[in-house]
Each structure stands twice: as C-alpha cells, then as structure tokens.
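Below: the structure, in structure tokens.
The values are calculated or read from the model by the stated rules, or taken from the named source; none is laboratory data. Note that the structure is a prediction, hence the values are computed from the model and not measured. Reconstructed Cβ throughout: ideal geometry from the backbone, glycine too, with neighbour counts over all protein chains shown.
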Amino acid sequence: MRSQIEGSQAVARAVTLCRPQVIAAYPISPQTHIVESLSDRVRTGELAGCEYMLVESEFGAMSACIGASAAGVRTYTATSSQGLLFMAEALFNASGIGLPIVMTVANRAIGAPINIWNDHSDSMAMRDSGWIQLFAESNQEAVDLHVQAFRLAESLSVPVMVCMDGFILTHAFEEVDLPDQAQVDAFLAPFVPQQQLDPDEPVTIGAMVGPEAFAEVKYLMHAKQMTALDEIPEIAADFRRAFGRDSGGLLKTYRLDDAETVVVALGSVLGTIEDVVDSMRDAGVPIGVLGITCFRPWPAAEVRAALAHARRVVVVEKAFAVGAGGIVGQNTRDATRDLPLVVLDVVAGLGGRPVTRASLRGLLDDVVEDRLDPTRLHFLDLDLALVERELERSRHGRRPGPHAEHMLRDLGTVASGAFD
Amino acid sequence: MAFQEIKLYQTGTFVVGNRLLDPEQRTVQARTGRSNSLTSGHRACQGCGEALGARYVLDAAMRATDGKLVAVNSTGCLEVFSTPYPESSWQLPWLHSLFGNGPAVASGVAAALRASGRDDIRVVGQAGDGGTVDIGFGALSGMFERNDDVLFVCYDNEGYMNTGVQRSGATPPAAVTATTKAVGPEPGNVFGQGKSVPLIAMAHEIPYVATATVADLHDLEHKVERAMSFRGARYLHVFVPCPLGWRAASADTIRLARLAKESGVFPVFEAEAGEVTAVSRIRRQVPVEDYLRPQGRYAHLFGDHPRPDIVARIQARADRNIARFGLLPEGDE
C-alpha cells in the first residue's frame, strides 16, 4: 500500500510486519521516532507477542538483544552515533556468537564536537564489528532492506545493520509502498534457531576459546559472512519476485555503460549524485554512478567488475579515517588494484553539511578534467579560509587545548568569551 | 519466617551437621539428586569460594524450579574456569556475553522466554563483584528498576581476582591488592565510603534482596529458594573468600566466610520490597582481628610494624554493621 509517510514510521511499520519478539530500545536522535513508533505498535497490539524493553543504555539494548536472541527469538533494536559506539563491545559479541539480530542505524556523526546531524562516521567506525552493513538509498529501500535483513540474518546466523541517513531519510516524508502482512509472512519464515538456551537441551554459549581454536572461529565468521555475497543477491531476487520491485542487492549501477568516470557512494546522497550525473550526461560527459548497498561484507569482485571499464573513480563518502583517508575509497582501491584507474577520495556531508547538486557538479567537473590530486584526501565544500586561519595560528605557537575553540569563535558560534 | 535456623553444629565449627538431620531437612547439596549444575573437572583454584557459591546457588535454584533454569554469566573467574574450550562444566543452559552486561543479557533472556510463552523457565544472572558492583552496575540498576524477572547473584570475593587481584569497588579498606599495595602512608585499599549493592538494591524496592556466605549452606539455599518464590528482580549477594586473592589457606575458605559473619564484617540479612525482614545473628562474636589475621592481604597490619589504629577502624566498621542490622545474639542487645 502506498503511503505518504515519515521514514521512521515506515521502518517501524516494516519492522512490525517482521514480527520481532523482543525489541530493546534506548533513545538517541535521530533514531528515536522508530522506537517511539514501535512502542505504540506494541502497546496497541498491532505488534502482538512482542516484549518491548526500555533499557538503561545502548550497551544494555544490544546486551538484551544478545540474551533474547540466544534464547531463540527474533530480536530488533535501533540506534545512532554515540549509541552505536556505546554498543561497540556488544556488537562484536553478537557477531562473534553468531546471533541474527537486526538493527537500524540512523546514521549520525560522532563527536566531539557533539553533532546530531547525518554522516556515516558511526557505522563506518563499526565496519569491522562482524555485522553485515546494508545502506539504504531511500525510505522505500530502508523498508525493503529491513524485511530482507531479517531473512539474511537468520539464514546465515549473522547480525545485520540496516543503515539509513539520519534526518535525511528518517525524518523525511515521502511516498513509500508498504508491504502487507501476508506478503511479509510469505517472504520471512518464523525464526527457528539451530540451538538456543533450553533446559531440555542445555548448551554452553559464549565459552572461552584460547589460541588453539580462536583463529579458526574467526576464520569461520569471515567465511560465513562472505557467503552473504551470494545470499544477498538471491534474497533480493526473491524479494523482486514477491514484492515486484528492485531493492537491496550488493550494488546498484546507474548509467555505468561506457562511463569513463564513476562516482561511488552510499546512502541517500546517491539520488543527488544521480541528478548531477544526468545533467553531465546531457552535456555529453561519459559518467555514471556505483552505489554500494552492501558495504560489509565488501563485494570486492562485484565492485571490480562494475569499475572494470572506468578510467577514474571518485568515492564520495560521509566519513573518513582520521590520519589515513577515505574508508570506502581504500576498499575501492583494494578491489581495483590491478585495474588501470585512479581512485579519488572525497569526504562530503560531514556532520550534516548538505551535499548540494552545485557542489557535486563543481567537484565532478574537476574530476573529469583531472584537476584533483589523487594523492590527497579531498573535502567537499571545506571552509578553507577558516581552516587556514587556524593552521596559521598554530604555526605561531601550538598550545594544548580544544581543537575547535578558535574556529568556533571565528564563526561566532560561541556566545561568550572574547577572542584576542 | 518460614525458615527455621537449625542450631546443630559439629565440634569446633558452627556448620550444621547434615547427618543429624532428617533427610528432608538436609541441604540440596547433601541430596543424591542434586543437579551438579557446575559439575566437577573445572579449573577453579583449590578452595575457591566462588565455585562453591555458584554450585550451591544454582543447584538450589535448579531444585526450586524443577530444572527449568537458564544461567547468564558475566566475564570473570567463574566464566573462565568453567568453560575452557572445548570443555564446559555447566549442566544447565548457560550464556556468557561480556563483563559489564550480565544483568541486561539476563533481562533479554527473560523477555524472550516471556515472549515465547515459556516463563516457566527462570533466569539467574551471575557475576563476581567486579561485574556486579562496578562495570555491570548500570545494567544491574536498570534490571532492578524495570523489575525484570531475574535473580542476579553476586559472588563477592572483594576484588578483580581473574585479572590478577586488583581493587574493585567491593574491596574492603586496608586490603592489599595489586593496585593497592602495602606501600606509602596509607597501606592497602583506602577507607572510602563503601558501596553496599545489597542496600542499593533495596533502595530500588525490588521484591527480594539477601546476603549470604558460603559458610552457611542451609541459609544460602533457603535464600535461593525464597528468591525463586518471587517474580521480578531479585538480588543475592554471596560472600565467597578467595584463597589466591586474599593470600589465605585453601582450607580456610569456609572458616573465613564464617568469621566475616561472626565478626560483623559481613552482615547477613534478607529484605523484601526495600525493608529488612530478617538478619542472621552472630552466634559467638569475634573481634575483626580473628578474621583479618589469617589473610595475607592484611599482613601489613600485624607484622613488624603493626597498625592497631587501622584494625580499630575496621573494627569500628564491623561495629557499625552490628548496630545497624542488629546482629548481636538475642539477649545481648
């Protein structure tokens, strides 16, 4: 059924249709509307047979999910930003045990400085946590990915994060085709774990493993997650058959045929990039887009195949590794290391800065003219004057103290305190 | 009070002599049908109080629930010595996740059982004092506040023994640990404000809170049974001497637990809905020195440079417990 609906409400409806039996929730923006809506749905009986736990922290939320999943029920939570990092230890634990927990990450920047707006620093920081990471481009895809995520998680016994851009998607009202219960029930069988905490068949879960087998356990984790590269396209194909639309999969390509320049990106910014690419195509520029839907496991072979005919690739990503560079860029270079192409790293949209068509057009014009230095990390729309002033100050004597102090004063965002 | 303290004892101890009791009055541990939830072959140290405590508690809980029990374990000695790959000493469904999340994991298990219509299966969470009073404290308080249907058991050996005997929030004043050595002007752990999780648990007004020691098996088993008769959040704090961490003889585990209670160092009581309902009175009071002397962690108080001033401060704390909980034998007050 098509509805004009807020992204968070749509996701909450999709999760409801998946019939989770335990939801553990802790509020953090911009994920809050999802768990608020789920609370309503449990209280009104729309989501029947579900225990909704109001826990004391995100660490508690993931921990409760771990306990519930090990006890054999379908389990869900949602978080963002600092909350995801506060869960970090439990994320590795959930994947290490192999618990098929599904979690929405409403992507938001990581502080300091504290910032509630969108970027991908949170889920990127957890890219090595052993969770599958799927990135939604639109609210429709966010809805569809949740339905697929439960099936994927339970098929492989691996936890899955569905990442959707905070505010940009979670708080946006747009048309979404919501599946009905019968469709979802037909697509997603009830959860039947191979083992669970059961007094009739007692098992020890979470035992200590020493040097004699730890590497083997980790190898098997990796092997299992890599099978998701086969599983995800199959689930997406099944989804297309059942629901009549394309959603999910590993990658999405846009006007890639004959493209000499390819923009690689994740999440909602893909739509804007596609608009810019359309206008450049109109101007005769051979340019296309490669959207990464599945970032973990990293579909290296598929990325390589998609970029096999490109001359230059620009990765536009909403996070970076401080002191190293692009994250998706690094993975892309690794996937294409035997190809004769240049991979450029561009950081954009940090802390909620809008990624506009105008800025992207300027960037991509520079890219197709080979005006970007491939040895450097680039930042879209960086206030160079502001940064330069601060760098100049530090040249005249460093002093220990908060990074942003001077810059915030320059911008007039600090209400009090004179600046010399 | 449903529980009648049985005042039989063997010569030289206050241990209740099982053999003198009618079979139905004997402890769960004395019964042939005990579940051996934590079975033999594990790798605990000789004389480990926590191993005893865990077996006593879980066997009693298994009996109280007719074997319908799930255990959740925080990281610590108990988890390490019981599950070295590929072995397990657990004969009940058992889950270990992390150090600081035991109560939240246990709450999740309870929620899942309720969602599955299996709330006949009960949940016990267990951790050492580090996992309970320090790193797992937020999760524990949350579990209490929500009144989740979990019995959480703290096996308190007063320090981080698994990592090599460091100070925890439950380490008593003056005790030597690897991070509070007997050096400097204030040897051993500082005299802080203390952190009584049983009292904090009571402040949450949860249905049932109790303390116990491994020295009084009847009392401990009674409290587990009592705890399992309630629904909602329950807390049991069990005093478990650690021969390794306390530098005490392995044979002295039970004796030290008894002396902790008989000196007033460790008050043994029960509380329901925030009110103390029963205390285990001291049978024959001993000075704290009797409890401190056998432990190497207090050796600096009695050596070539004795510190009677510090012993007096510890005595004052015990006296405060005695007065606060009314621990003296009846007629002595």
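Do you know which residues across the stretch B:96-129 are among the aliphatic types (A, V, I, L, M) and within 21 Å of A:Cys50 (Cβ to Cβ)? Reasoning before the result, please.
Keep residues of the stretch B:96-129 that are among the aliphatic types (A, V, I, L, M), which gives B:98, B:104-106, B:109-113, B:115, B:121, B:123-124, B:127.
Those that are among the aliphatic types (A, V, I, L, M) and within 21 Å of A:Cys50 (Cβ to Cβ): B:Ala104, B:Val105, B:Ala106, B:Val109, B:Ala110, B:Ala111, B:Ala112, B:Leu113, B:Ala115, B:Ile121, B:Val123.
Can you tell me which residue among A:Met62, A:Met53 is more than 16 Å from B:Ser116 (Cβ to Cβ) and either under 21 Å from the mean Cα position of the chain (by Cα) or free of Cβ contacts under 8 Å to residues at least 40 places away in the same chain (or both)?
Values: A:Met53 fails: more than 16 Å from B:Ser116 (Cβ to Cβ).
None of the other options fit; the residue is A:Met62.
Kindly establish whether A:Asp230 is closer than 30 Å to A:Arg312 by Cα and either among the aliphatic types (A, V, I, L, M) or out of contact with any strand residue (DSSP E or B) (no Cβ under 7 Å at 6 or more places or on another chain) (or both). Show your work before the answer.
Numbers: closer than 30 Å to A:Arg312 by Cα: yes; either among the aliphatic types (A, V, I, L, M) or out of contact with any strand residue (DSSP E or B) (no Cβ under 7 Å at 6 or more places or on another chain) (or both): yes.
In short, yes.
Consider the stretch A:46-80. How many of its residues are within 14 Å of chain B (Cβ to nearest Cβ) and either at pLDDT below 95 or more than 29 Å from A:Gln194 (Cβ to Cβ) (or both)?
3
For the stretch B:314-333, enumerate the residues that are surrounded by 11 or more Cβ atoms within 10 Å (Cβ to Cβ) and part of a loop (DSSP other than H, G, I, E, B).
B:Gly326, B:Leu327, B:Leu328, B:Pro329
For the stretch A:225-253, give me each residue that is more than 27 Å from A:Pro179 (Cα to Cα), surrounded by fewer than 17 Cβ atoms within 10 Å (Cβ to Cβ) and of a type outside the set (Ser, Thr, Tyr).
Taking the stretch A:225-253 and keeping what is more than 27 Å from A:Pro179 (Cα to Cα), we get A:225-227.
From the residues that got through so far, the ones that are surrounded by fewer than 17 Cβ atoms within 10 Å (Cβ to Cβ) too are A:226-227.
If the condition is that a residue be more than 27 Å from A:Pro179 (Cα to Cα), surrounded by fewer than 17 Cβ atoms within 10 Å (Cβ to Cβ) and of a type outside the set (Ser, Thr, Tyr), then A:Met226 is the only one that fits.
Which condition number in (1) buried (at least 24 other Cβ atoms within 10 Å of the Cβ); (2) within 8 Å of chain A (Cβ to nearest Cβ); (3) out of contact with any Cys (no Cβ under 7 Å at 6 or more places or on another chain) is the one that B:Gly108 fails?
Just one mismatch for B:Gly108, condition (3).
Quick one: in the stretch A:55-83, of everything that is touching a Phe, Trp or Tyr at 6+ places or on another chain (Cβ under 8 Å) and of a type in the set (A, V, I, L, M, F, W, C), which residue is surrounded by the most Cβ atoms within 10 Å (Cβ to Cβ)?
A:Cys65
Hey, among A:Arg361, A:Arg333, A:Arg371, which residue is in a loop (DSSP other than H, G, I, E, B), modelled with pLDDT of 95 or more and either out of contact with any Asp or Glu (no Cβ under 7 Å at 6 or more places or on another chain) or more than 27 Å from A:Ser123 (Cα to Cα) (or both)? Give the derivation first.
Working: A:Arg361 fails: in a loop (DSSP other than H, G, I, E, B); A:Arg333 fails: in a loop (DSSP other than H, G, I, E, B).
From the options A:Arg361, A:Arg333, A:Arg371, the qualifying one is A:Arg371.
Where residues in the stretch A:169-199 are modelled with pLDDT of 95 or more and at the interface with chain B (Cβ under 9 Å from one of its Cβ atoms), which of them is nearest to A:Gln133 (Cα to Cα)?
Ranking the qualifying residues of the stretch A:169-199, first place goes to A:Leu197.
Among all residue pairs at least 6 apart or on different chains, which show Cβ distances below 9 Å where the first residue, located in the stretch A:177-199, is assigned by TED's automatic domain parsing to the domain that holds A:Ser157 and closer than 16 Å to A:Ser69 by Cβ and the second is surrounded by fewer than 19 Cβ atoms within 10 Å (Cβ to Cβ) and among the hydroxyl-bearing types (Ser, Thr, Tyr)?
A:Pro193/A:Ser157; A:Gln194/A:Ser157
Please verify whether the stretch A:288-307 includes one or more residues that are more than 24 Å from the chain's Cα centre (by Cα) and crowded, with 16+ Cβ neighbours inside 10 Å. Spell out the reasoning first.
Within the stretch A:288-307, the first condition is being more than 24 Å from the chain's Cα centre (by Cα), and the residues that meet it are none.
Within the stretch A:288-307 (the criterion being more than 24 Å from the chain's Cα centre (by Cα) and crowded, with 16+ Cβ neighbours inside 10 Å), the answer is no, since none of the residues qualifies.
Within the stretch A:169-194, how many residues turn out to be assigned to a strand (DSSP E or B), of a type outside the set (Val, Ile, Thr) and buried (at least 24 other Cβ atoms within 10 Å of the Cβ)?
Looking only at that region, the number is 0.
Test A:Gly166 against the stated conditions and say whether it is within 14 Å of chain B (Cβ to nearest Cβ), among the small types (Gly, Ala, Ser) and buried (at least 18 other Cβ atoms within 10 Å of the Cβ). Let's see the steps before the verdict.
Working: within 14 Å of chain B (Cβ to nearest Cβ): no; among the small types (Gly, Ala, Ser): yes; buried (at least 18 other Cβ atoms within 10 Å of the Cβ): yes.
Here the answer is no, as A:Gly166 does not meet what is asked.
Is at least one residue of the stretch B:28-40 crowded, with 20+ Cβ neighbours inside 10 Å, away from chain A (no Cβ under 14 Å) and under 20 Å from B:Tyr155 (Cβ atoms)?
Yes, that holds for at least one residue.
Whether any residue in the stretch B:155-166 is under 20 Å from A:Ala24 (Cα atoms), of a type outside the set (Val, Ile, Thr) and buried (at least 24 other Cβ atoms within 10 Å of the Cβ) is what I want to check. Steps first, answer last, please.
Narrowing the stretch B:155-166 to residues under 20 Å from A:Ala24 (Cα atoms): none.
Checked the stretch B:155-166: no residue is under 20 Å from A:Ala24 (Cα atoms), of a type outside the set (Val, Ile, Thr) and buried (at least 24 other Cβ atoms within 10 Å of the Cβ).
Looking at this structure, is A:Gly244 on the phi > 0 side of the Ramachandran plot and either in the same structural domain as A:His222 (by TED's automatic domain parsing) or at pLDDT 95 or above (or both)? I'd like the intermediate steps shown before the answer.
Working: on the phi > 0 side of the Ramachandran plot: yes; either in the same structural domain as A:His222 (by TED's automatic domain parsing) or at pLDDT 95 or above (or both): yes.
Yes.
Please determine, by comparing only the residues of the stretch A:327-361 that are closer than 17 Å to A:Gly271 by Cα and free of Cβ contacts under 8 Å to residues at least 12 places away in the same chain, which one is surrounded by the most Cβ atoms within 10 Å (Cβ to Cβ).
A:Pro354
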